[in-house]
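Chemist: Following this message is one structure expressed as structure tokens.
The values are calculated or read from the model by the stated rules, or taken from the named source; none is laboratory data. Predicted model only: the values in this text are computed from it and were never measured. So basically every Cβ, Gly included, is an ideal-geometry build from the backbone, and we count neighbours across all protein chains shown. Heads up: the accessible areas ignore ligands, DNA and RNA and are worked out on the full protein's heavy atoms, side chains in. Shrake-Rupley method; radii C 1.70, N 1.55, O 1.52, S 1.80 Å.
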Amino acid sequence: MMIRRLPIVALAAALSLSLASCSSSTTATSNAPDAGVSEKAQQALDKIKGQVLSKGPNGETPSPASVADLTPEEIEKVKGLNAKAAIVMHYGGNDWATAQVNGLKSEFEKLGIKVIATTDANFKPDKQVSDIETVMTQDPDIIVSIPTDPVATASAYKKAAEAGTKLVFMDNIPQGLTAGQDYVSVVSADNYGNGVVSAHQMAKALGGKGKIGLVFHQADFFVTKQRYDGFKETIAKEYPDIQIVEEKGIAGPDFAGDAQAAANAMLSKYPDLAGIWAVWDVPAEGVMAAARAAGRPDLKIATEDLGKNVAIALAKDELIVGLGAQVPFDQGVTEARLAAGALIGKEAPAYVALSALPVDHSNVLEAWKQVYHEDAPKDIQDSYKQ
């Protein structure tokens, strides 16, 4: 039998090709998602439901929303006051702000409290200070607000408190104000918990491995800092094979556009980037736009807040792998009740928090109803991929 011998050069090339093939196979195996880690992440998500992981702005232990409940007799007392309320937002027009305002207005109407103003500061502290001063000319009994900047707005809120207006805050408080003295309470989502939820969802989607980038809010804003801390600390502690290779801050007001630019830069610098976390849904929309422009439908994006555009992406099972949702309508109801109780002398805890709601493709339609107290819009329902 004749044995055909390969020339030395050809033999070396074949051996090199064989070794490369083995190396490639080994690398592919080592970088493959770990189903066990994905299962661990899902177990963590199941465990977190109903819990509040955050502390208040001054380290307060959270109280449940039920502390704001009013008896029928207390409601009648409130109705007899013919009170007036103003809602002073940090910025509006997004789904979260709309739901929060809807919850407030719905409950104030039930309590016989007239809403005399709803303002939008477009995330500008000087505009919010002006809004507060303008609202105060109408002598409101209640102001429900979220400060754009805890330092720059503090004196305006302090003046309102000194004038006898009952202040209830969303998520954050101005610097130097004291609960029970200057303001009634602060009502918040579990923002740290929302960050934790999105970290587990990212890990689940990646199988616990890969390079990721972070798009965070570059501002002195307690809420978004909690989310960032919750996400980053969970990844570092629970998922050592997920590597955060880049972080970029955005300051707005064009949060979607800024996030798109940040994500473009990350995807250009790291072609093997597996995922990007965005601090809330509007920046996540910018990250989605960057992923589409880069031809990266495989990019995993985790975020917070169940806005309509990210809900559609979840329904389609595209790009967005999961998020931690707030329940802003319920927050608004709770804030209105706490403010009403304060008018009749009821004491309130300094910090009230509502737990994070994990949302992914499987429960996005049910979650929408829980968050907004109405069925998901038709375009979200029609987008749902079975």
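Chemist: If Asp139 satisfies every condition in (1) among the acidic types (Asp, Glu); (2) within 18 Å of Gly341 (Cβ to Cβ); (3) surrounded by fewer than 19 Cβ atoms within 10 Å (Cβ to Cβ) but one, which is the exception?
Modeler: (2)
Chemist: Also, quick follow-up: Are there any pairs, at least 6 apart or on different chains, whose C-beta atoms fall under 6 Å, with the first in the stretch 36-48 and in contact (Cβ under 8 Å) with a residue 60 or more places away in the chain and the second part of a helix (DSSP H, G or I) and hydroxyl-bearing (Ser, Thr, Tyr), and if so, which?
Modeler: none
Chemist: List pairs: first in the stretch 60-88 and touching a residue at least 24 places away in the same chain (Cβ under 8 Å), second open to solvent by 80 Å² or more (accessible area, probe 1.4 Å) and β-branched (Val, Ile, Thr), Cβ under 9 Å, 6+ apart or cross-chain?
Modeler: Pairs found: none.
Chemist: Can you tell me which residues in the stretch 311-353 are hydrophobic (A, V, I, L, M, F, W, C) and not in a helix (DSSP H, G or I)?
Modeler: Of everything in the stretch 311-353, those that are hydrophobic (A, V, I, L, M, F, W, C) and not in a helix (DSSP H, G or I) turn out to be Leu319, Ile320, Val321, Leu323, Ala325, Val327, Ile344, Ala348, Ala350, Val352, Ala353.
Chemist: Now for a separate question. Looking at Gln100, Gln128, which is the one that is among the polar types (S, T, N, Q) and over 21 Å from Ala68 (Cα atoms)?
Modeler: Gln128
Chemist: Considering only the stretch 314-332, state which residues are hydrophobic (A, V, I, L, M, F, W, C) and crowded, with 24+ Cβ neighbours inside 10 Å.
Modeler: Answer for the stretch 314-332, where residues must be hydrophobic (A, V, I, L, M, F, W, C) and crowded, with 24+ Cβ neighbours inside 10 Å: Leu314, Ile320, Leu323, Ala325, Val327.
Chemist: Looking only at the stretch 354-365, decide whether some residue is under 15 Å from Phe169 (Cβ atoms), part of a strand (DSSP E or B) and open to solvent by 10 Å² or more (accessible area, probe 1.4 Å).
Modeler: The answer is yes; a qualifying residue exists.
Chemist: Which one is nearest to Asp330 (Cα to Cα), of the residues in the stretch 161-183 that are aliphatic (A, V, I, L, M) and open to solvent by less than 50 Å² (accessible area, probe 1.4 Å)?
Modeler: Residue satisfying both the conditions and the ranking: Met170.
Chemist: Gly295 is checked against (1) under 18 Å from Asp360 (Cβ atoms); (2) open to solvent by 10 Å² or more (accessible area, probe 1.4 Å); (3) outside any helix (DSSP H, G or I) and fails just one. What number does that condition carry?
Modeler: Gly295 satisfies every listed condition except (1).
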